[in-house]
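Here the structure comes first, spelled out in structure tokens, and everything after it is commentary.
Where a number appears in this text, it was derived from the coordinates with a stated rule and is not lab data. Quick caveat, the model's predicted, so the values are computed rather than measured. A quick note on method: Cβ atoms are made from the backbone with ideal geometry, for glycine too, and the neighbour counts reach across all protein chains shown.
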Amino acid sequence: MKITYKELIHSDIAVKNEINNTPTEDIENNINELCAWLNDKVAPHYSGPVRVNSGYRCDKLNKEVGGAASSHHLTGYACDLTCADVKQLRDIIKDNYMSDIDQLIYYPKKNFIHISVHPKKRGEYFEK
Ligand SMILES: [Zn+2]
């Protein structure tokens, strides 16, 4: 597992709809923080490839994908990840790093996890 800044701002839907999903400098810092956290904390536990389904979303992109108005994707602190073993990825975070997490949401049917490292750090876990 290795997540890049580029992956966290890329969106096929933004490209398709010609939406400029370039973050401001403040948000860029948040994305870098999330990226470093993923690579420093989670990656050492999971060797297989991990795909970013959705990372940073500008307002326009967030509306396009039907994201919540208060979504942490808007601030760059959240991403949705998928891989061959999403449950294992969830367990790595759930068992070790909930104190770094604002929200961890596991979607077993859609096979991805939503991770937010927003500084509120409420340590919330949900399954949807
Ligand atoms: Zn999400």
Right, D100: under 21 Å from Y5 (Cα atoms) and in contact (Cβ under 8 Å) with a residue 60 or more places away in the chain or not? yes
Please go through segment 17-50 and give me each residue that is without any contact (Cβ under 8 Å) to a residue 60 or more places away in the chain, of a type in the set (D, E, K, R) and either under 13 Å from V117 (Cα atoms) or surrounded by 13 or more Cβ atoms within 10 Å (Cβ to Cβ) (or both), ordered by number. E28, K41
Which listed residue is in contact with a helix residue (DSSP H, G or I) (Cβ under 6 Å, 6 or more places away or on another chain) and in contact (Cβ under 8 Å) with a residue 40 or more places away in the chain, from H72, H118: H118
Of all strands (runs of 3 or more DSSP E) fully inside segment 24-128, the set with 1 or more residues that are more than 12 Å from the ligand (Cβ to nearest atom) is 50-54, 78-83, 124-127
